[in-house]
Each structure stands twice: as C-alpha cells, then as structure tokens.
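Have a look at the structure below before the remarks.
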Amino acid sequence: MVVVLLVSLLVGMLPAKAAESDGDQAGQEVYQQLSAGKRVKSEGTYETPEQPTVYLTFDDGPSKLTNQVLDILDKEGIKATFFVLGEQAKAHPAELKRIVKDGHAVGNHTYNHVYKELYGDFQTFWDQIQRSENIISDIAGIRPQLVRAPGGTATNFDAYYYYLMDQAGYIMEDWNVDSGDSSRANVPVNEIWQTVKASPLEHEINILFHDGTGHASSVEVLPQVISYYKKLGYAFATLTPQVKPKQFGVTKTKWSRSMSLKQFQGLLNQTQQYATAHPSPAEIAKREAEELEAQKAQTEAEAKAKADEEAARIQAQEDALPLQIKVFGSNALTIEPSAYKLRANRIELSLRYLIEKMGGNVEWQAASKTAVAHYGIYDMYYDLTDRRISLFTLGKQTAAYSLADMTMQDSQIIVPLRKTIDSLGGRITDAVMSRDSRQITMALRPLYFFKENDAILQNSLFAMGW
Ligand SMILES: [Zn+2]
C-alpha cells in the first residue's frame, strides 16, 4: 500500500548523536561541516501515499477565522495541519482545542513570528519554539513534532538551525505550493485561486495558507480549492512524521550570524536534553524495540550460558569417570580418568599403559620407531612409521594389522582400545557407557574363544564402534 523511502545520511557517515556520545571531537567534526554550510541529517523512514495527496496547511493562527476554516474542513470531511503561533494560541485557546478535537494536526510556528528575533540567533528561535510548545501543551495537551519556520527556512535557516532542530527531534516543514495568500495584505480571492491553479500538480502537495487575522480571502477561496483538488483525484491528509517533509534546504541566509564551537556545543546540549526528555512517538517505539531486542538477546545469552555450563558440568563429570575393564577370567582393570580419552564413541589410551595394566610390558625401539608389547605368549610390534601392528604368537608372526589411528602424543603411543584388543585376538563382549559409569567387558585368547557363529553379538559390538 505504501512505498517506503529512506533518506540516508547526507554528509559523511556521522551518527546523529555523535557529539553527545563521542565527546568534543565528534562535536567538532559536525561543527566544521555545519560551518561549511553542509547539512548533517539523521536517518528517517517515510511513507509515500498511493493516492495523490494534498496537505492543506494553515499558518499564523489560531484566530477568529479559524472556526470558519474548521467548519469548511468539517463539511468537506477532510483533515488539515495548523502551524500555530504560541502568542495566538494563548489568545484563542478554544480554537486550538477545536483543531485538536476535530482530528487535525498541529505544528509549531514559534511564539511571535518576529523574523528579526527568530533569525538573529538560534537560541532565541529555540526559546520561542519551547515557549510556544509549552503553551500548546498546556491548552491542548500535545507537543507538536512538526515545526514550520516563519517565512520558511529559505534564506532564514542555515545548517546549524536544521541540525539543532533535527537533534531535538523536530521535523521542519516548508511547502511546495504557496497559495500566495500572504504575498501582501488582503490578496483578492481570485488572485489566490489563479495562483493555486497555476501551481504544479505533484504527487504530494504541501500547500501554504494562512488562517491568521486578515486572511478572510483564504477562507473564502478554500471550498473552491478543495473542490479543484478533489476533482483531480487528490486525497487530503494531515502532515505526520511519516510524510516526507518538504524542505527548502540550506540557502544563503539574509542574516549575519556567527556561531562559535562553544555556543554550538551549548545549544546542542540543550536540544539533545530536550530530545531525551521529550522523545517523539517514533523515538519511543524505537527505544522500546531496542529494549525488547536487548532483553531478548540477554535472555538468549543467559540460556546459552546456562546450557553451556550444564554441558561442561556433565562433560567434566563424565571425564572424571574411570574406565572399568572386566577381563573374562581375570581381575578387573581400572583405567584412570586421566589415562584415556573418549572420543566420538571410541576409547583412546596409551599402549604402554594398557599392556602394563594387563600384566604385559612394552619396549620402545627408538631406531625403528617400533614399540614391542609382550603379553603372555604374544608379541606385538607397533610400527609407528607405517602404522602397522604385527602379532607374533610364540615368536611366529600370526597376523598383521594396519592401525591407521595410531598416534604419538607426548612420547606415548596412543591407540584405539577396540582395535588393539582385536589385534591381540580378543573381543570386547559388552560395553556400558553411561553418565555414571563406563565399563567394558572383554575376553582375551586363549582364555576366551570367540564363537564364529555369534554374529549378533559381533555385529552389535561393531555397531557401537568398539
Ligand atoms: Zn507565518
């Protein structure tokens, strides 16, 4: 239904609140860009309406004329935006209340509209915005985010004005169609009408009217203007922070102003303090979303830490288990937790340790990189170079095995248990690997003769990886 526009950062990649977060240096960078007349904008997301839309705007009120404007809008069933002066709002509170009650938007148009004060220095402009806002808030209970600069921003605003208002969270609204109703005193109805008709028909029209004292012609021409745009298929809507604002941008100002870094930092401080104290609805939503995101991330991190801790605890507990080896017809061997490793369902341990536990002995022949294990009537030659085991029974070679997994660690030959038992002609007949206990049962020749036809046992043992 809507097209989302993204206005990206204009100059450089300066974050909107650089001065606040990064201290003086970032503030100086922004200051230098602004001094050079370059705007520094924060990011905004806008929605373009599908239907061509007119945003009627009325400045300088409320006045005695405002009720007439509201009656017309009510009759036409359309909404508009009123940029009110604090001074006028104070004089016509009922009209301001009605604007809000009727569902129109209210913008801030400063307190007294006196150009010389407003554009003499930013501090005065700012003070008037605050003064006017407090009056509007007291009367109507709202704090307008939209601001229209008296006379428009062109030739009045510089990059500092734009930046500081932006930092406070305000949205500056100029216009793209001027009805000409304030080009001089008492502009005739027909002249306004001709001006409106001659203006370009953009997709979104932000049209400037006045409902201040002395603008009876504007009220008079209004029904005709509304009818004109309606016939052209335009919808009418209030300005909102989601509507991309029409802004004239930085032009050469007709005011001679100066801004020292210190003044700038002081003003920036004021505007940012305001933003913190009065976040816009979009800012509130953003903060809430960020907070929610942070909470979610924290919850996830906590859950992960807990799971990791639990896994580590179980692992540590399991790693502390001794391995019990029951040998058929012999005493059980206990392999100390530090003497073996359980890796992917496979037990690895030092060959010397195993053979010695079983009552045999191992000699290391460094020259040939061969370990010779003697166990009963067996002699096993572990050749580390070609990773082979040769088994001798009563001095006669009876078998040869390739043991690809044989490794050397800290001057020890590490072998996989099952393959080693197999090479000794034995069999692992049972294995229990649980959280509380690690036990394997094995039989060694000649005490145990593996039954050739006991295929089920054999297959299940191999399936277990032993
Ligand atoms: Zn004005």
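The values are calculated or read from the model by the stated rules, or taken from the named source; none is laboratory data. No experiment lies behind these values; they were computed from the predicted model shown. Because the Cβ atoms are built from the backbone with ideal geometry, glycine has one as well, and the counts that use them run over all protein chains shown. In case anyone asks, the SASA skips ligands and DNA or RNA and just uses the protein heavy atoms, side chains included. Shrake-Rupley method; radii C 1.70, N 1.55, O 1.52, S 1.80 Å.
Each row is one residue, and each column tells you yes or no for (1) within 22 Å of residue 148 (Cβ to Cβ); (2) free of Cβ contacts under 8 Å to residues at least 60 places away in the same chain; (3) touching a helix residue (DSSP H, G or I) at 6+ places or on another chain (Cβ under 9 Å).
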residue	(1), (2), (3)
223	no, no, yes
238	yes, no, no
250	yes, no, yes
287	no, yes, no
Contact list please: Cβ distance under 6 Å, first residue in the range 190-209 and in contact (Cβ under 8 Å) with a residue 40 or more places away in the chain, second residue assigned to a helix (DSSP H, G or I), pairs at least six apart or on different chains. 209/218
Residue under question is residue 218, and the condition is that it be more than 34 Å from the chain's Cα centre (by Cα) and part of a helix (DSSP H, G or I); does it hold? yes
Search the range 76-93 for residues being over 22 Å from residue 147 (Cβ atoms) and touching a residue at least 24 places away in the same chain (Cβ under 8 Å), and hand back the single one that is farthest from the ligand (Cβ to nearest atom). 76
If residue 256 satisfies all but one of (1) farther than 30 Å from residue 433 by Cβ; (2) under 26 Å from the mean Cα position of the chain (by Cα); (3) open to solvent by 60 Å² or more (accessible area, probe 1.4 Å), what's the number of the condition it fails? (2)
Checking residue 181 against (1) at negative phi; (2) touching a helix residue (DSSP H, G or I) at 6+ places or on another chain (Cβ under 9 Å); (3) away from the ligand (no atom under 16 Å from the Cβ), which single condition isn't satisfied? (3)
Answer with yes or no whether residue 244 is assigned to a helix (DSSP H, G or I), open to solvent by 50 Å² or more (accessible area, probe 1.4 Å), modelled with pLDDT of 95 or more and of a type in the set (Lys, Arg). no
Quick check on the range 303-315. Is at least one of its residues outside the structural domain of residue 406 (by TED's automatic domain parsing) and closer than 22 Å to residue 416 by Cβ? yes
Close pairs (8 angstrom Cβ cut-off, 6 or more residues apart or separate chains): within 19 Å of residue 435 (Cβ to Cβ) in the range 296-312, surrounded by 10 or more Cβ atoms within 10 Å (Cβ to Cβ) and among the aliphatic types (A, V, I, L, M) anywhere: none
Read through the list (1) open to solvent by 30 Å² or more (accessible area, probe 1.4 Å); (2) farther than 17 Å from residue 146 by Cα; (3) in contact (Cβ under 8 Å) with a residue 40 or more places away in the chain, then give the number of the only condition that residue 119 fails. (1)
So, residue 202, is that one outside any loop (DSSP other than H, G, I, E, B), open to solvent by 40 Å² or more (accessible area, probe 1.4 Å) and in the same structural domain as residue 150 (by TED's automatic domain parsing) or not? no
Hey, residue 139 hits all of (1) within 15 Å of the ligand (Cβ to nearest atom); (2) closer than 18 Å to residue 211 by Cβ but one; which does it fall short on? (1)
Total residues in the range 372-398, condition within 60 Å of the chain's Cα centre (by Cα), not acidic (Asp, Glu) and not in a loop (DSSP other than H, G, I, E, B): 3
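Among the acidic types (Asp, Glu) and either within 15 Å of the ligand (Cβ to nearest atom) or open to solvent by less than 10 Å² (accessible area, probe 1.4 Å) (or both): does that describe residue 50?
For residue 50, the condition - among the acidic types (Asp, Glu) and either within 15 Å of the ligand (Cβ to nearest atom) or open to solvent by less than 10 Å² (accessible area, probe 1.4 Å) (or both) - is not met.
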Hey, residue 131 open to solvent by 10 Å² or more (accessible area, probe 1.4 Å), modelled with pLDDT of 95 or more, touching a Phe, Trp or Tyr at 6+ places or on another chain (Cβ under 9 Å) and of a type in the set (Lys, Arg) or not: yes
Residue by residue through the range 142-183, note down the ones that are under 29 Å from residue 260 (Cβ atoms), of a type in the set (A, V, I, L, M) and open to solvent by less than 10 Å² (accessible area, probe 1.4 Å). 147, 149, 159, 164, 165, 168, 172
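Got a sec? Which of 332, 344, 339 is hydrophobic (A, V, I, L, M, F, W, C), in contact with a strand residue (DSSP E or B) (Cβ under 7 Å, 6 or more places away or on another chain), open to solvent by 40 Å² or more (accessible area, probe 1.4 Å) and assigned by TED's automatic domain parsing to the domain that holds residue 426?
Answer to the check: 332.
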Among the residues of the range 408-418, is any under 19 Å from residue 323 (Cβ atoms), open to solvent by 80 Å² or more (accessible area, probe 1.4 Å) and either in the same structural domain as residue 358 (by TED's automatic domain parsing) or among the charged types (D, E, K, R) (or both)? yes
Candidates 111, 115, 162, 119 - the one that is at pLDDT 95 or above, in contact with a Phe, Trp or Tyr (Cβ under 6 Å, 6 or more places away or on another chain), hydroxyl-bearing (Ser, Thr, Tyr) and assigned by TED's automatic domain parsing to the domain that holds residue 224: 119
